[in-house]
Structures are given as C-alpha cells and as structure tokens.
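First comes the structure, then the notes that go with it.
The values are calculated or read from the model by the stated rules, or taken from the named source; none is laboratory data. Since the model is a prediction, treat every value here as computed from it, not as a measurement. The accessibility values were calculated without ligands, DNA or RNA, using every heavy atom of the protein model including side chains. Shrake-Rupley method; radii C 1.70, N 1.55, O 1.52, S 1.80 Å.
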Amino acid sequence: VDPDIEKLAFNATFEMQLLANCWGLDIQDSQWTDVMVLAKSLSFPGGRGQVGACVGIPLDTQKLTSGKALIKKFCGPKVGTQSKPHVRSTRATDPEAWAEFCTYCIQDVNAEREIYKKLLPFSPETHPASERSLWLLDQHINETGMPVDVDLIDAGIEVYKNHTKSLLAGIKSITGLDNPN
C-alpha cells in the first residue's frame, strides 16, 4: 500500500478490483501502471502471451498452457458432483493443482515484469502524459459507475409483468394452448 511504490499489472483493473473488493485495500489509481495499456499504445496485441511472444520473452517464462484451466478451476464456482461435492476448488480440495496454480501465478507475474522492462524504453514517446490522464479518467468513470433510478426500474418491471400477463392471456385465448411460450 506504499504510495511511493509503483504497482504494475497487465490489465491492472483486475488487480485493482481484487485488492479493493477482496482485501479492502484502497490503492489509488495513480499508483498503478497498466502494462496492457502501454503495450497497446505501442500497437501490440491485447493478450499478455501475444505481447510476450512479440517482445521475445522466452517460452519457458511465458504463460503455462494449463493456465486457463487452472483459472477456471480455482477462480469460479462449479457444480458439485457425488465424488467431489464441493462447489469451489481450493488448496485443500486440490493440493496438486493448487501448487501448479501457484507456479502459474508466479510465472505470470514474472512474464508481466519482463514485458514491462522491454516496453519501458519506448514508453515516453508513445505513452504521453495525456494518455495516462485518459486512463486515470477511465478508471474513475468505471469506479464511480452510473446513477440509476431504482424506482423507475421497478416501475418498468411492474409494467412489463402486467403487460406480459395480458398478452399471454390473449395468446392463450386465440391458440387454445395452456403454454403458448
């Protein structure tokens, strides 16, 4: 949380939201640098693995091929089965896969760091302060959200429900079907 330490991440918004919503760490946007935004400003593709390949990161330090499957396994709920009734995989439920997931995460961070080092010499010319200001504005807009008139939404839902009922009744009358859906 030290404000004097720059935080780097590829698609930094993910890490920013994770730290804020899971651990309650309110780290100011200005402390972050999004390596993906930097890469895109240099006309690289959007994927971290693609950028790594373009800048010559050795294959052994890029993403593990099993990364997507591990993310799916540990970062989202699933339907339990009789042999595995848990709905979330954890270090306790799948220790071997967890160890591989930890290796993947470490390798991912190291690859992001290497990409940043390769892109950094080009950043002042292609990533001016105005671009940084726009990125910070984008973060602020996304964090602030949009005002929502909840009463209007509730009223719209009610109108929809009432209108749907009358239309459905008319279709039932015309077709003679119990369920014309």
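Observations, loosely collected:
- Calculated mean residue ellipticity at 222 nm for the chain: -18500 deg cm²/dmol, from DSSP H runs with n ≥ 4 weighted as -39500 (n - 2.57), summed, divided by the residue count and rounded to 500.
- Calculated P(r) tail over 26 Å for the chain, as whole % of Cα pairs: 55 percent
- C-alpha center-to-center spacing [segment 123-181, segment 17-82] in angstrom: 28 Å
- Solvent-accessible area per residue in the chain equals 70 Å², computed with a 1.4 angstrom probe and all protein chains kept.
- Taking the 1.4 Å solvent-accessible surface of the chain as the whole, the part contributed by carbon and sulfur is 61%.
- For the chain, the longest principal axis of the alpha carbon atoms and the long axis of helix 150-175 meet at an angle near 50°.
- Taking Cα atoms only, the orientation of helix 129-144 departs from the longest principal axis of the chain by about 30 degrees.
- Annotation: Asp149 carries an accessible surface of approximately 90 Å², with a 1.4 Å probe and no ligand, DNA or RNA atoms counted.
- Angle in degrees between helix 95-119 and the longest Cα principal axis of the chain, rounded to the nearest 10: 60 degrees
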